[in-house]
Amino acid sequence: MRGFGASAPWLDLVNSELYDGFGHFTECLEDARWMRSFLHYWKLRIPTGNPAAINALRELRGVLRHLVEKSAARALGAGDLSALNAWLKVPVIPELVESQSGFALELRAAQIGWPSEVAAIARSFAEALIQEPAGRLKICANDDCRWIFVDRTKGNVRRWCHDATCGNRDRVRRARARGRG
């Protein structure tokens, strides 16, 4: 199973629908070990034994995947943003913090609990929409993978999540198809 450490928790969550590149599917949200690792890595406190929390993560994952698909086609609309905004609606308290680069205003959840944790994941996606230029959120061109990634290449030309795996498989499939045809 691929590890964590994508640029943000939303990216790890949306890729928790794991296709191995050959069409085999694994639902990581139902894997207790994966969930513990995910929550620990991102310092989230979502109860893993709570079916409502897992269903909320699954629902948010579907919304995020849909938004990535729409943003890749540059077709995000007001209705799409309202779906994301519904996940962001948790009471917050502004807090001034000091870091190495100066002062910053951070929004802290007013209540502790899994709804605020899920909102933090949604907020990480909203920040990606703001910070990443249009068309940088992409879905792997390997139809048996569908991994979502952020294309940070200079020319915005990356097609696969990993060129050495999915890219190679795709090139081999196309070469074999040409050889048969």
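Which residue, 84, 160, 28, has the largest displacement toward the positive end of the dipole of the range 9-180 when charges sit on each Cβ (Lys, Arg +1; Asp, Glu -1)?
So the residue we want is 160.
Could you give the dipole magnitude of the chain about its Cα centre, charging the beta-carbon of Lys and Arg +1 and that of Asp and Glu -1, in debye to the nearest 20?
900 debye
Here are a few candidate values for mean projected area of the Cα convex hull in nm²: (1) 15.3; (2) 9.9; (3) 12.9. Which one was actually calculated from the structure I just gave you?
Structure-derived value, by its label: (3).
So what are the ³J(HN,Hα) numbers for the range 77-82, from phi and the Karplus equation (6.51, -1.76, 1.60; θ = phi - 60°), rounded to whole Hz, Gly and Pro as x?
x, 4, x, 5, 5, 5
Can you tell me how much longer the chain between residue 86 and residue 58 gets when fully stretched, taken as 0.36 nm per residue apart minus their C-alpha distance, in nm with one decimal? Present the calculation step by step, with values, prior to reporting the outcome.
Working: separation 28, 0.36 × 28 = 10.08 nm, distance 1.50 nm.
In short, 8.6 nm is gained.
Evaluate Rg over Rh across the range 38-121, taking Cα atoms for both radii and Kirkwood's formula for Rh.
Here the Rg-to-Rh quotient is 1.03.
Expressed in nm², what is the orientationally averaged projection area of the convex hull enclosing the Cα positions of the range 111-154? Numbers along the way, then the final one.
Working: hull surface 17.6 nm².
Quarter of the Cα hull surface area: 4.4 nm².
Of 68, 90, 157, which is the most mobile in a GNM of the chain whose springs link Cα atoms less than 10 angstrom apart?
157
Using a Gaussian network model of the chain whose springs link C-alpha atoms within less than 10 Å, name the residue from 111, 131, 100 with the highest mean-square fluctuation.
100
Check residue 158: other-chain or 5+ apart residues with amide H under 5 Å from its amide H, H built from backbone geometry?
Under 5 Å from the amide H of residue 158: 153.
Build a GNM of the chain with springs between Cα atoms under 10 Å: which of 81, 129, 18 gets the top mean-square fluctuation?
Sorting by GNM fluctuation, first place goes to 81.
Each residue of the range 164-176 in turn: what ³J(HN,Hα) in whole Hz from Karplus with 6.51, -1.76, 1.60 and θ = phi - 60°, glycine and Pro shown as x?
Coupling constants for the range 164-176: 6, 9, 5, x, 5, 4, 5, 5, 5, 4, 5, 5, 5 Hz.
Taking 7 Å along the Cα-to-C-beta vector as the label spot, tell me the residue 7-residue 66 distance in nanometres, rounded to one decimal.
2.4 nm
No value in this document is a laboratory result; all are computed from the given coordinates. Fair warning: this is a prediction, and the values are worked out from it, not measured in the lab. All Cβ positions, glycine included, derive from the backbone under ideal geometry; neighbour counts span all protein chains shown.
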